[in-house]
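Right, one structure below, let's go through it.
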2 protein chains.
Amino acid sequence: VDVSDREKLVDLMEPLHAADIADLLEQINAYDRMRLIRLYDKEFDGEILSELDESIREDVIGILKPEVLADAVRELDSDDVVDLLEDLDDSQHEAILDALEDSDRVAVEQSLNFPEYSAGRLMQREVVMAPDHWNVGEAIDHLRSSEDLPEHFYHVVLVDPRLRPVGNVTLGKLMRSRRDVALKSITEEMFHIIPATRDEGDVAYAFNQYHLISAPVVDENDRLVGVITIDDAMAVLDEEHEEDIMRLAGVGEGSLSDRVIETTRQRFPWLAVNLVTAVLASLVIAQFEAAITQVVALAVLMPIVASMGGNAGTQSLTVAVRSLATKDLTGSNVWRVIRREVLVGLVNGLAFAVVMSIIGVLWFGSMQLGYVIGAAMVINLVVAGLAGTAIPVLLEKVGVDPALASGAFVTTVTDVVGFFAFLGLAVVVLL
Amino acid sequence: VDVSDREKLVDLMEPLHAADIADLLEQINAYDRMRLIRLYDKEFDGEILSELDESIREDVIGILKPEVLADAVRELDSDDVVDLLEDLDDSQHEAILDALEDSDRVAVEQSLNFPEYSAGRLMQREVVMAPDHWNVGEAIDHLRSSEDLPEHFYHVVLVDPRLRPVGNVTLGKLMRSRRDVALKSITEEMFHIIPATRDEGDVAYAFNQYHLISAPVVDENDRLVGVITIDDAMAVLDEEHEEDIMRLAGVGEGSLSDRVIETTRQRFPWLAVNLVTAVLASLVIAQFEAAITQVVALAVLMPIVASMGGNAGTQSLTVAVRSLATKDLTGSNVWRVIRREVLVGLVNGLAFAVVMSIIGVLWFGSMQLGYVIGAAMVINLVVAGLAGTAIPVLLEKVGVDPALASGAFVTTVTDVVGFFAFLGLAVVVLL
């Protein structure tokens, strides 16, 4: 790029997969990125756009010449175009829709009518289907004569006269059966139909749970409108995990290529919530100022109790959030899980109570201080197990994403309980 | 189950997918599980075993009658049998191997020779292959006459005379091409060969990055030994995410169906590490006992600074750990990312410094206390951004899983720096 040698660049990029080129574009800085795209120009592939992170996709589209963009977009399947359009502003939106052929344009616009993050957005409109009264020979002849098949497909979807899907036939079975065999007789045992309005997270769950490869999508009249394939489901699964892990850490929607100011804005609210939490905990401490002035060791030891509780709470809450996401934690076992977490907190609490009592005695030479910190530890770890499980379950019940909000609540509980138990017991026992 | 009505049970379970039955078995308690399995008996399907969580799989295998177990295992593909065997003790191991037919047994034993978590363990041995000089007609005839094809396959792998894979032909292309077309001329553009020793995490990454559907696996002589399909890769991706999220929270390998004592043991070491961290922070506080006795407000406010730093550090570290896992954070952009995180810390630090100064003034009526806590906040949030990114990157460099160990290090840094900056500045400014 530095010497602006276009041919050499094209040679170098030739063997790379679109996903790798996209990664490359994400990792270099904005100026190099612009120069590279200008130089690469006509070779720019539609798939690179699909693979790019949203945060820089808009920039890249702005840099591309309109005719290069049009070429690039026309190569894509309808689901990839929909994915592209979701994140663009209106003028770019129009530019891309204009580049499409009429039939593709209608398909894309229909998909955009489905709610965001729904199966309707995820599916591709290109479906290979056959009437359910056909036999193998008819299906094969139909496939051979079709011009416009999707690049990859794994099933032929059987539909009844009203276009409702009734079964899936794998290509393997189709190929190995005699021409006069009825398609109906060789459908797959596992057949899962997805409503277009279903949330994409639930779609990914179904693919993972039932080992689906592709599944037909139907509209509100049960008519076939598209198909979702496992690679799309895998991408969603990946995104959902990313979201969970980021939300648990209070990072929101960020990505590595965001600017400082965006990242700051994304993280600020989480830190603000934490500040409120921390101030609440401080208010508890403030009630015990007199005690701290008398026994300054209390100030030294109190963060230990709160910190251990916070960690144990995070452990319980992470297990609960994950189990809720994978639907392993349900109404039928929630009490057993809570009981287990509380018992785990109790056992670990007792173990650390012993350790801390010893530290208390050795460090400050006070048996009673040891007892106090030990007892506070047990209390806080039991509460951590209880809150760490119950809070995410309750949040899920009232429709709030537990990954998003549990952390702040659980930490508040363990901080407040930790400081209160330790300082409160200290006042009773020591003063 | 309660009335031991076997026929009704079988009727009820009939429409359920093996994965759902496995989930059901995981969610009920051990006694009900035993009764249900005894009652279900001969209907017990091999796939249920595959879907079960490791922690209760061993129990379930112990409950099954040997002949039911043998039937169940014989239905499975080789990769599922390998997956089963990995977690069993020796006597159960033998029982399952004995149940297999000789050829399957050899295949399974060969797979077990590959290292754990390698592509060799993940692959299935059943491959559909064709010599690279065949044409479409020969391949189709071969497929039609083969008895023992895998249940699902998506590609025919072309191999040279030495059994080295040279290309993939999709079933769709095969079906649509004329019989006299050479297979070589219709291979896929994207062809990714996986060495049997490659780590399964890298395999899942390749599937996700390059949108693979299936990929051939080769031994050290580049000869085809098996094939990995996208559903296996999706399962690995799911597991790896689970591992990352659990390790970040310090939960280890646990699962919901573990017993209290196992869970306690898994979590104990993480809490122990946290205790050391917390004690280190307390040692810092202990240096300032005199100051705290004079200005007890310091004890009240100091957890706020540490807590904000800990949260900001966790944010940075989660982004770093995720980016390392997805290979978005590399040597080429590590400095830019660190600079960004530090700047984000600085900006958020300044914002919260203002907020905290106001709180300090309003609450304790001291301008200087406000300045001190504000300055400490800025210092700690900048350090959090730096440590939160640099520590995972360094751990990855020295070969330690950053998800596993970063948390403890980063929290130690933010706690120590937080207390030290706040109390140290307080001594200088206030006393």
Matching residues in region B:235-265 (part of a helix (DSSP H, G or I) and under 24 Å from residue B:50 (Cα atoms)) number 14
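Yes or no, residue by residue, for (1) in contact (Cβ under 8 Å) with a residue 24 or more places away in the chain; (2) closer than 30 Å to residue B:34 by Cα:
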site: B:61; (1), (2): yes, yes
site: B:69; (1), (2): yes, yes
site: B:73; (1), (2): yes, yes
site: B:79; (1), (2): yes, yes
site: B:86; (1), (2): yes, yes
site: B:105; (1), (2): no, yes
site: B:151; (1), (2): yes, no
site: B:160; (1), (2): yes, no
Only one of A:305, A:300, A:319 is part of a helix (DSSP H, G or I), touching a Gly at 6+ places or on another chain (Cβ under 7 Å) and more than 30 Å from residue B:241 (Cβ to Cβ), namely A:305
Restricting attention to region A:340-353, does a residue exist that is more than 11 Å from chain B (Cβ to nearest Cβ), part of a helix (DSSP H, G or I) and either touching a residue at least 12 places away in the same chain (Cβ under 8 Å) or among the hydroxyl-bearing types (Ser, Thr, Tyr) (or both)?
yes
Residue A:7 vs (1) surrounded by fewer than 17 Cβ atoms within 10 Å (Cβ to Cβ); (2) part of a helix (DSSP H, G or I); (3) under 32 Å from the mean Cα position of the chain (by Cα): all pass except (3)
When residue A:239 is run through (1) within 10 Å of the chain's Cα centre (by Cα); (2) within 8 Å of chain B (Cβ to nearest Cβ), the failure sits at (2)
All conditions in (1) part of a helix (DSSP H, G or I); (2) surrounded by 15 or more Cβ atoms within 10 Å (Cβ to Cβ) are true of residue A:185 except (2)
Residues in region A:30-63 that are under 16 Å from residue A:16 (Cβ atoms) and assigned to a loop (DSSP other than H, G, I, E, B) total 3
Of (1) away from chain A (no Cβ under 12 Å); (2) part of a loop (DSSP other than H, G, I, E, B), residue B:405 satisfies every one except (2)
For region A:222-232, check the following and say yes or no: at least one residue is at the interface with another protein chain (Cβ under 8 Å from one of its Cβ atoms) and in contact with a helix residue (DSSP H, G or I) (Cβ under 6 Å, 6 or more places away or on another chain).
yes
Restricting region A:135-161 to residues that are among the aliphatic types (A, V, I, L, M) and within 13 Å of another protein chain (Cβ to nearest Cβ), the one farthest from residue B:172 (Cα to Cα) turns out to be A:136
Q) In this structure, is residue B:179 under 21 Å from residue A:154 (Cα atoms), in contact with a Lys or Arg (Cβ under 6 Å, 6 or more places away or on another chain) and without any contact (Cβ under 8 Å) to a residue 60 or more places away in the chain? A) no
Report yes if some residue within region B:356-369 is within 24 Å of residue B:281 (Cα to Cα), of a type in the set (Phe, Trp, Tyr) and within 11 Å of chain A (Cβ to nearest Cβ); otherwise report no.
no
Condition set within 7 Å of chain A (Cβ to nearest Cβ) and β-branched (Val, Ile, Thr), scope region B:287-318, selection farthest from residue A:296 (Cα to Cα): answer is B:318
By residue number, the members of region B:319-332 that are within 7 Å of chain A (Cβ to nearest Cβ), surrounded by 15 or more Cβ atoms within 10 Å (Cβ to Cβ) and either under 13 Å from the mean Cα position of the chain (by Cα) or at pLDDT below 85 (or both) are B:322, B:328
For region A:375-431 the number of residues that are charged (D, E, K, R) and either outside the structural domain of residue A:284 (by TED's automatic domain parsing) or surrounded by fewer than 18 Cβ atoms within 10 Å (Cβ to Cβ) (or both) is 2
For region A:362-374, pairs from a residue that is free of Cβ contacts under 8 Å to residues at least 60 places away in the same chain to a residue that is of a type in the set (S, T, N, Q) and assigned to a helix (DSSP H, G or I), with Cβ under 6 Å and 6 or more apart or across chains, are A:370/A:357; A:374/A:357
Flagged in region A:354-400 as outside any helix (DSSP H, G or I) and hydrophobic (A, V, I, L, M, F, W, C), in numbering order, are A:398, A:400
Does at least one position in region B:198-215 carry a residue that is assigned to a loop (DSSP other than H, G, I, E, B), within 23 Å of residue B:116 (Cβ to Cβ) and away from every other protein chain (no Cβ under 13 Å)?
yes
Over region B:211-224, the set of residues surrounded by fewer than 17 Cβ atoms within 10 Å (Cβ to Cβ) and under 19 Å from residue B:326 (Cα atoms) is none
Residue pairs within 6 Å by beta carbon, gap of at least six or interchain, first lying in region A:242-270 and more than 8 Å from chain B (Cβ to nearest Cβ) and buried (at least 17 other Cβ atoms within 10 Å of the Cβ), second assigned to a helix (DSSP H, G or I) and not hydroxyl-bearing (Ser, Thr, Tyr), listed first then second, are A:247/A:403; A:247/A:404; A:252/A:266; A:257/A:26; A:257/A:56
Picked from region A:162-197 (must be β-branched (Val, Ile, Thr) and touching a helix residue (DSSP H, G or I) at 6+ places or on another chain (Cβ under 7 Å)), the residue farthest from the other protein chains (Cβ to nearest Cβ) is A:197
Any residue at all in region A:22-43 that is modelled with pLDDT under 80, surrounded by fewer than 17 Cβ atoms within 10 Å (Cβ to Cβ), of a type outside the set (Phe, Trp, Tyr) and within 19 Å of residue A:91 (Cα to Cα)?
no
Could you tell me whether any residue of region A:55-65 is modelled with pLDDT of 80 or more, within 14 Å of chain B (Cβ to nearest Cβ) and over 24 Å from residue A:115 (Cα atoms)?
-> no
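The values are calculated or read from the model by the stated rules, or taken from the named source; none is laboratory data. Not measured: the values here are computed from a predicted model. Neighbour counts run over all protein chains shown; Cβ positions are idealised from the backbone, glycine included.
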